[in-house]
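First up is the structure itself, then whatever we jot down about it.
The values are calculated or read from the model by the stated rules, or taken from the named source; none is laboratory data. Since we're looking at a predicted model, the values are computed, not measured. In this analysis, Cβ positions are derived from the backbone assuming ideal geometry, glycine residues included, and neighbour counts consider all displayed protein chains.
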Amino acid sequence: MATATRTHPVHSRLFLNRLGLWLFIASEVFLFGALLSARYYLQGFYRPAELNQLLGLAISVVLVLSSLTAYRAEIAVAHGDQRRFRRNILATIFLGVVFLAGVVVEWREGFHFFPPSTGYGTIFFTLTGAHAFHVLTGLIALTIVYFLGRRGRFTTGSYWGAEGVVKYWHFVDVAWVLIYPTLYLVR
Amino acid sequence: MKALGGIVKGLVFAIIGFIVGGGIGFLLMNAAPTGRGTFEPVIALGYVFALIGWLLGVGLWDAWAREWVGLPAKKLEVHGWRRYFRFSTDHKVIGVQYLATFLFLFLFAGLLAMLMRLELMAPGETIMGPNTYNTVMSLHGVIMIAVAVAAIIGGLGNFALPILIGARDVAFPRVNALSFWVLPPVVILLLLTPLFGGFDTGWTGYPPLSVTNATGTLFFLLAFITFGISSILGGLNFITTVVTLRAPGMTWGRLPIFVWGVLSAAMISLTATQVVAAGLIMIVLDRVTGTSFFNAAQGGNALLYEHVFWFYSHPAVYIVILPAFGAILEIVAHFSRKPLFAYKWVVGSFLGIVAQGFLVWAHHLYTSGMSDWLHIPFMATTEVISIPTGIVFLSALGTLWLGKLWLKPPMLFSLGFIFNFLIGGVTGIFNADVPTDIHLQDTYFITAHFHYTLMGGMIFGLMAGVYYWFPKFTGRKYNETLAKIHFWWMFVMFNVTFIPMFWLGIHGMNRRIADYSPELGGVNMFVSIAAFVLGAGFLVFAFNLVYSWVRGPAAEANPWRARTLEWQTLSPPPEENFHAPPVVSDDPYGYGIPGSIHAVIGPAAGAPRQESEVKR
Ligand code: HEM
Ligand SMILES: [Cu+2]
């Protein structure tokens, strides 16, 4: 069938795709690594008192929850439960949008207290911006996965598209788990 | 028209993208005036959308993105020379696309070097003012760096690597096409820089100059970032390909050494490139949105950029040189008719260089004002790298030792590489040692040193590879006499041109400057004339290549009687490379071992395929 491997018997197309995605994530780690290092290099452990701690914590929780729904979506599609799969993808998209809305509020306050031209603002807007951009790409990909799912493109044995996007989403989540303390907690 | 259809569509989409993105940039600019009050937000955002438009138009939409909205992808049916102008997913076509693009850029940047040498022929202003000189110098530098980073790995690597490991294509053919098609925008951006005030920072783009100068520099920054996308995707593809698509029997210990060279370089370009991208993005943000990464008045620090930049750019010299090492070791073994000496040690050295390459970057910062205590550790790590490099060198010598040398053009260039790289490597020690480097930094000694490694090394390796694989790529023979003339011309004149530059540097001639003190005039005149002769030599090369590709006599499948897999299939290889799946049974370099065969190509032609087709 079409999903069989064109490679040598040892490695399936799925293995190739997974390896490719992991390599991509490894590469992205270096991007965030550089940006995170810039924070400590330029600003040390400084953080302004005006940071909205409650908001920061809230959006972090939202994003972690979205990883949970994404995980449930992957499990559902693996078991052929299409409705649950789509429901959980929708929930993930919803939580992602809430997260982005939180970032917008965060930015409005940031512009007021520590605009991008200031030392901390430079770091804050760059890190949250770079991350929000990744969230945005993840949301677009999730939306595509949702509609492909509605067309019945993912079956129990073949759901790489969904799996890949969910893994990417987890990565974006983990990146935030490092960015959040870097911006909000260290001192 | 049919040939250029994709390109035209790409350009149209790019213009639409630019208008959309630029419009958004314009609105944002007026809503929140930040940055330097120029039109740079329009350019930056317009470019991002233009790039997406270009890619979609040129083939990404038809070949791939249609699937994302539930439509079937279109299959491209173009044959003959036209496919070189289309979004092809065949690694052989992509290899030729890379090679042609970068050889062309190499000749263009060479012309810029001629202009520089004209200006430097005599003290005082000769043909251009200092600002023009700076732009010419920066363009020459950055284009040559791009050639150095991508010509071997993207050109020779794309074409030869899948065949060498017995695969039908790379792991992600469409990603492969993508990594080529992001390059035309890079070229266009760089060519536009002179129209927007030029860019005068040199290829390193250090702030604060790169934050405050003319808009041309923004074009350079965007070009560099885009080039980075290509490197990252290329690296990802090569690693996955080598890990997963090796033919049965092609164990890690039997991989041809060129494959190891490309694989090691791919590991670096996959990871380190993101770091330089981060640094470049910081400059773009400082210019466009008014952040202050490098604005000391707001707590910024220009040293951050130097660290981030060299965290990539030192490993990048290994992206440049490891595939070249691989190519020349490959050639030295086949043309000495001997097994590669110390194969396992070389593989270990390649991987060691990859790892160590990440630990030495601050040797570029001895005079930058970073903390003094960092000098000694970075000097030490740098000198330790000479151990694996030395092993690679010894392997080449050990392979030559008592070999039956066959002095064909590829072999001549490989021997030239070994000679030049020795000089490049030995002079590098003076740059690694703090006491000497403090004096030599930013002089022509540095210029001479890195031309010995880049041109004397990488370019000689590239030439060796081109002359080695040309019959395979094109199915035609080139003129060997012309090729040998090219070699001797280039080898002699290269050394005549660049050796005196060491002397100039020691005598105080600064790098990156259009003028120098009058007593250096004589030697500079000599260097310039030598450079013109050197430059003229490439006409022989260009003529030989173009003429032979069009008119040359047909080449046999295995003109070098070499053992590796690419020579066991047709010249040029058929679609999907082999008429049947190859099976590897022994070492690629087992010359002179009775009964040893590296690989056989499966059951006779026409036998039914064992493997089923894949849906991509
Ligand atoms: C015909 C051969 C060549 C000649 C005559 C030549 C000459 C020059 C000259 C005069 C400079 C400017 C030095 C200065 O003002 O500081 C320069 C810079 C440079 N060249 Fe070449 N070059 C040649 C080939 C190459 C090749 C093959 C490469 C790399 C593959 C290369 C890479 C560079 C780089 C990276 C710079 C530094 C630019 C900077 O400082 O930002 N060149 N070259
Ligand atoms: Cu270095």
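What to note about this one:
- Tally of residues being among the polar types (S, T, N, Q) and farther than 20 Å from A:L63 by Cα across region A:133-168: 3
- Any chance B:F102 is buried (at least 18 other Cβ atoms within 10 Å of the Cβ), more than 18 Å from B:N176 (Cα to Cα) and aromatic (F, W, Y): no
- Enumeration of residues in region B:522-564 that are of a type in the set (A, V, I, L, M) and in contact with a Pro (Cβ under 6 Å, 6 or more places away or on another chain): B:V523, B:V527, B:A555
- B:L285 vs. criteria part of a helix (DSSP H, G or I), closer than 30 Å to B:V42 by Cα and without any contact (Cβ under 8 Å) to a residue 40 or more places away in the chain: yes
Yes/no matrix, rows are residues, columns are (1) at pLDDT 95 or above; (2) over 25 Å from the mean Cα position of the chain (by Cα):
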position	(1), (2)
B:E383	no, no
B:K404	no, yes
B:I446	yes, no
B:G461	yes, no
B:G465	yes, no
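- Residue within region B:373-392 that is within 14 Å of another protein chain (Cβ to nearest Cβ), within 15 Å of ligand 2 (Cβ to nearest atom) and not aliphatic (A, V, I, L, M) present: no
- Extreme residue, surrounded by the fewest Cβ atoms within 10 Å (Cβ to Cβ), among residues of region B:506-535 that are under 28 Å from B:W488 (Cα atoms) and of a type in the set (G, A, S): B:G522
- Scanning region B:338-372 for residues that are at pLDDT 95 or above, within 16 Å of ligand 1 (Cβ to nearest atom) and surrounded by fewer than 17 Cβ atoms within 10 Å (Cβ to Cβ) yields no hits at all.
- Consider region B:441-452 and keep the residues that are crowded, with 22+ Cβ neighbours inside 10 Å and more than 9 Å from ligand 1 (Cβ to nearest atom). The one that is nearest to the other protein chains (Cβ to nearest Cβ) is B:H449.
Yes or no, residue by residue, for (1) of a type outside the set (V, I, T); (2) surrounded by fewer than 20 Cβ atoms within 10 Å (Cβ to Cβ):
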position: A:H131; (1), (2): yes, no
position: A:G138; (1), (2): yes, no
position: A:T143; (1), (2): no, yes
position: A:V166; (1), (2): no, no
position: A:V172; (1), (2): no, no
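- Within region A:12-27, the set of residues being part of a helix (DSSP H, G or I) and more than 7 Å from every other protein chain (Cβ to nearest Cβ) comprises A:L14, A:N17, A:R18, A:L21, A:W22, A:I25.
- Test: residue in region A:109-132 that is more than 9 Å from chain B (Cβ to nearest Cβ) and not in a helix (DSSP H, G or I): yes
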